[in-house]
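Laboratory data are not the source of any read-out in this text; all were calculated from the coordinates shown. The model shown is predicted, which means the values in this text are computed figures rather than measured ones. When we count neighbours, we look across all protein chains shown, and the Cβ atoms used for this are built from the backbone with ideal geometry, even at glycine.
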Amino acid sequence: MDRTGTSRGVAAARSARPRRGRWASFVGDQDPRGRVVRGLHEEGNPKHRVRVEYDARTVLIHLSDEDGEGWTTVAVDRGTRQWAVSQDRRQIDAASGAHSSLYAANDPCQSGQ
């Protein structure tokens, strides 16, 4: 260990990491009909998308793969901030998996009780 308490292996691994560039934000295109834009995409890569939706109980964060061919969904309980993640080829399947995982243990409707 060096004098900061960091082992040399950890320090070497940290210095070998590529430097992080500037963070960027996802953007939304203007809807030609003037409707509210509900989905965002990476600027320069419209296949890489993100969408957030919610109801009174749950927030769902949908993130597409870089190439748009699959989805990762994070389901967050609004009251407790517990969360679950699921991945699938279709957005609806990833959302269903995350939601089911989040509530299966505590929801009689989800667990079949």
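Between ASP67 and ARG33, with labels modelled 7 Å along Cα→Cβ, what's the label distance in nm to one decimal, could you check?
Inter-label distance under the simple model: 3.2 nm.
Tell me the net charge near GLU53. Cut-off is 15 Å between Cβ atoms, GLU53 excluded, with +1 for each Lys or Arg and -1 for each Asp or Glu. Please list the in-between numbers first.
On the way: positive: ARG38, ARG49, ARG51, ARG57, ARG78; negative: ASP55, ASP77.
Summing Lys/Arg as +1 and Asp/Glu as -1 gives +3.
Cβ under 12 Å from GLU66's Cβ, GLU66 left aside: what net charge do those residues give with Lys, Arg +1 and Asp, Glu -1?
Here the count lands on -2.
If we count every other residue with Cβ under 15 angstrom of GLY44's Cβ, Lys/Arg +1 and Asp/Glu -1, where does the sum land?
Summing Lys/Arg as +1 and Asp/Glu as -1 gives -2.
Taking θ as phi - 60°, what are the ³J(HN,Hα) couplings along region 39-54 by the Karplus curve (6.51, -1.76, 1.60), each to the nearest whole Hz, with x for Gly and Pro?
x, 10, 9, 5, 4, x, 9, x, 6, 8, 10, 9, 8, 10, 9, 8
With the cut-off at 1.5 for a/c, could you classify region 36-87 from its C-alpha gyration tensor as rounded, prolate or oblate?
Judged from the Cα gyration tensor, region 36-87 comes out oblate (a/c at least 1.5, b/c at or above a/b).
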